[in-house]
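One structure is given below, encoded as structure tokens.
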Amino acid sequence: MEVLIMTAQLLLSLSILIVVHEWGHYYAARTFHIRVEKFYLFFDFLFPMANVANFALFKKKKGETEYGIGWFPLGGYVKIAGMVDESMDKEQMKQPAQPWEFRSKPAWQRLIVMLGGIIVNLVVGVLIFIGITYFIGDKFILNDYVNAHGGVYAQELAQQIGIQTGDKVVKINGKPFDYFDDLTKTDALLSQNSYYTVLRGDKEIDISIPANFIENFGKKDALGKFLLPRRPIVVDEIAKDSIAGKAGLQKGDKIVELNGHPVAYFDELREGLKNRTGDSITFKVMRGEQLLSYKEYFKGHTNIGFALQPLLVPAEGEKEIHYSLGQSILIGPGRAFSVITVQLKAFGKIFRNELSLKNSLSGPIGMAKMYGGVWDWERFWRMTGLLSMVLAFMNLIPIPGLDGGYVLFLLFEMITGKAPSEKVLENAVKIGMAILLLLMVIVFYNDIARIFTGN
């Protein structure tokens, strides 16, 4: 069921973004009286091989345009008359140019047509971020609260770079910060020579963040393996036939002592159980105003057998912000375009060989996992807004076959006054398609490899 929910969310999100992207091209083309022969959600062929498995799940002709839904759900396209594109329709290009064809129009009009999809994706992404800011606002755990309540609980990834449980993170890249969530923001992790400053006892220590450290956050449950606020030991659900059940622990009990040593946080309890000696344990529990003592046989066990109460941060430990429409209109675009800033920083690290291209790419399986196995509309729209900005950025990359490739050729024509020949464009598109096919192979390989490695 979780797989179905993840897949459904991804398909709905991509469908929205593909339709609005292709509508951008369609609208711009029709504005300049260019004929659009096809408008397809998904491909009606095995992309990027235009002549393989040609069929549509649905199609209907209206006016000059055939509207349809293809069977290959990794994109979509509009077939613009008189243009060398992914459909590789060579026969049309052999005919004399017609006034309603793309190739007959001035370069500036063709440039607007090619930028139409990117522009609409940017507009949609900005509108989604404005909407999220206005309707949902922000809710943060204050970093000062975390530091005042035991500091961080350092998980596996945090320990790898030298952070210890109980450290208090006071700066990111030399600057104080307000919110605990800032520790895992991609902006901080992608900056050059990134580092955290932690207070350990009375001493400040700088801890470097490896250049490729962000690669770890594409793996399964990575955030839960990094830094968490320390959690008090408050009993929630109790496992059947466990020590907690036999001892009669109740929901809401708070463990305050283990084997004669005071414990305030769950990590201290876990460490104490791990390092115990003997076959029995003693522990004390606060139940309301009562202090209760227990001694239980522990041989063969690894835990007491209860789930922790979810972290309940009091009002003074959180900041909840609601924005007016005017504030949201000012804040939303900055948040939307920060997605592109992050992409640029990531590409910079890839070109400097600080990040692996292979490990930085996720395919549809990896993307679906990001939506989660529960249908959450807030997360859905956040992911859709993020993907809209990413699609705009990726489509602007100057690879023939992507919008950016056509834009590059058009800019060359506008600067030099000389258009590349149709043969040059055709060969460029073939090379671009080969590059895109290679990238598809890499992302599918990454997705499948992560399934087998459990990441």
With the structure loaded, tell me whether residue 374 is within 14 Å of the chain's Cα centre (by Cα) and in contact (Cβ under 8 Å) with a residue 12 or more places away in the chain or whether it fails that test. no
Before we move on, is residue 375 surrounded by fewer than 14 Cβ atoms within 10 Å (Cβ to Cβ) and hydrophobic (A, V, I, L, M, F, W, C)? yes
Could you give every pair whose Cβ atoms fall below 6 Å, whose first residue belongs to the stretch 150-163 and is closer than 26 Å to residue 262 by Cβ and in contact (Cβ under 8 Å) with a residue 40 or more places away in the chain, and whose second residue is assigned to a loop (DSSP other than H, G, I, E, B) and among the hydrophobic types (A, V, I, L, M, F, W, C), counting only separations of at least 6 or pairs across chains? 154/163; 155/226; 158/226
Looking at the stretch 53-82 only, could you name the residues that are under 32 Å from the mean Cα position of the chain (by Cα) and of a type outside the set (A, V, I, L, M, F, W, C)? 67, 68, 70, 73, 75, 76, 77, 79
Among the residues of the stretch 132-177, the number that are closer than 14 Å to residue 385 by Cβ and either in contact with a Ser or Thr (Cβ under 8 Å, 6 or more places away or on another chain) or polar (S, T, N, Q) (or both) is 2
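One line per residue, one yes/no per condition, for (1) more than 21 Å from residue 428 (Cβ to Cβ); (2) of a type in the set (Val, Ile, Thr):
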residue	(1), (2)
42	yes, no
48	no, no
62	yes, no
80	no, yes
84	no, yes
Going through (1) over 24 Å from residue 257 (Cα atoms); (2) modelled with pLDDT of 90 or more; (3) buried (at least 17 other Cβ atoms within 10 Å of the Cβ); (4) of a type in the set (A, V, I, L, M) one by one, residue 214 fails only at (2)
Sole exception among (1) surrounded by 22 or more Cβ atoms within 10 Å (Cβ to Cβ); (2) β-branched (Val, Ile, Thr); (3) in contact with a Pro (Cβ under 6 Å, 6 or more places away or on another chain) for residue 126, by number: (1)
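Among the strands (runs of 3 or more DSSP E) lying completely within the stretch 198-279, list those that include at least 2 residues that are in contact with a Lys or Arg (Cβ under 8 Å, 6 or more places away or on another chain).
On the way: elements: 203-208, 227-229, 235-238, 254-258.
Hits in the stretch 198-279: 235-238, 254-258.
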Scanning the stretch 74-103 for residues that are part of a loop (DSSP other than H, G, I, E, B) and on the phi > 0 side of the Ramachandran plot, which turns out modelled with the lowest pLDDT? 88
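The values are calculated or read from the model by the stated rules, or taken from the named source; none is laboratory data. Please read these numbers as outputs of a predicted model, since none were measured by experiment. Neighbour counts run over all protein chains shown; Cβ positions are idealised from the backbone, glycine included.
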